[in-house]
1. Over the chain, what number does the Rg to Rh ratio reach, with both radii from the alpha-carbon atoms and Rh per Kirkwood?
2. Add -39500 (n - 2.57) for each DSSP H run of 4 or more in the chain, then divide by its residues: what number comes out at 222 nm, to the nearest 500 deg cm²/dmol?
3. Under a point spin-label approximation (7 Å from Cα along Cα-to-Cβ), what is the E33-A45 distance to one decimal in nm?
4. Could you do me a favour and compute the accessible area per residue for the chain, 1.4 Å probe, result in Å²?
5. Once you charge only the Cβ atoms, +1 for Lys and Arg and -1 for Asp and Glu, what is the size of the charge dipole of the chain about its Cα centre, to the nearest 20 debye?
6. Starting from the amide H of T5, placed 1.01 Å from N in the peptide plane, find each other amide H under 5 Å away whose residue is 5 or more places distant or on another chain.
7. Return the carbon/sulfur percentage of the accessible area of the chain, one whole number, probe 1.4 Å, all protein chains in place.
Amino acid sequence: MSEKTCAACDYPLDGNAIKVTIGQRVVEVCCEECAQQLREAQSKAAG
Ligand SMILES: [Zn+2]
């Protein structure tokens, strides 16, 4: 399986995936809402 899924909600990604940089990693999410969730989680984890 090479199909990617959203890093936040596991929804299958299509051509509209959004790339988000979390620390040193780049992940892909299905929508801006999920991107925001990951950024907030990261900023909390970083303090
Ligand atoms: Zn998502």
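The values are calculated or read from the model by the stated rules, or taken from the named source; none is laboratory data. Values in this document were obtained by computation on a predicted structure and should not be read as measured data. Here Cβ is always computed from backbone atoms with ideal geometry, including for glycine, and neighbour counts include all displayed protein chains. Heavy atoms of the whole protein, side chains included, go into the accessibility calculation; ligands, DNA and RNA do not. Shrake-Rupley method; radii C 1.70, N 1.55, O 1.52, S 1.80 Å.
1. Working: Rg = 10.7 Å, Rh = 10.8 Å.
In the chain, Rg relative to Rh is 0.99.
2. Values: 1 runs with 15 residues, N = 47.
Calculated mean residue ellipticity at 222 nm is -10500 deg cm²/dmol.
3. In this crude label model, E33 to A45 measures out at 2.2 nm.
4. Numbers: 3720 Å² over 47 residues.
With the other protein chains kept in place, the chain gives 79 Å² per residue.
5. Values: 5 positive and 7 negative charges, 55 e Å.
Dipole size: approximately 260 debye.
6. Under 5 Å from the amide H of T5 lie the amide H atoms of L13, each far enough along the sequence or on another chain.
7. Details: 1750 of 3720 Å².
About 47 percent, which is the carbon plus sulfur part of the accessible surface.
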